[in-house]
Amino acid sequence: MSRRGKQCIETAQSLLRAARSMTDEVVAARLKMLAEDYQRRAEKASSVDAARSLARSAARAEYDWSKELA
């Protein structure tokens, strides 16, 4: 998982811990919804970061290194 994804997961876990300790059910429900949003962000961030990394690798592989050797 990417660094951004890990940060989002950590935030989601913190929000869930806070939600479990809440006595106000409305606030707890909102924290849980926010945690779910951060979990979705983590998944999206990781897939976007993986795609970018793959694109950079492909670009390096396609680079014409013969120009550098001349």
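Derivation of every value follows stated rules applied to the coordinates shown; laboratory data play no part. For clarity, every value in this text was computed on a predicted model and none was experimentally measured. Cβ coordinates were reconstructed from backbone atoms using ideal geometry, including for glycine residues, and neighbour counts include every protein chain displayed.
Some notes on this structure:
- Lys, Arg +1 and Asp, Glu -1 on Cβ, resulting dipole of the chain about Cα centre, debye, nearest 20: 100
- The string of couplings for the range 26-32 from the Karplus curve (6.51, -1.76, 1.60, θ = phi - 60°) is 5, 5, 4, 5, 5, 5, 5 Hz, one whole number per residue in order, with x for Gly and Pro.
- For the range 34-51, Karplus couplings with θ = phi - 60° (6.51, -1.76, 1.60), whole Hz, Gly/Pro x: 5, 4, 4, 4, 5, 5, 5, 4, 4, 4, 5, 4, 5, 5, 5, 5, 5, 5
- Between 0 and 90°, nearest 10: helix 3-21 axis offset from the chain longest Cα axis: 0
- Its relative contact order, with pairs defined as Cα atoms under 8 Å and 6+ residues apart, puts the range 3-60 at 43 percent.
- Here, the chain is characterised by an Rg to Rh ratio of 1.39, where Rg is the alpha-carbon radius of gyration and Rh the Kirkwood radius.
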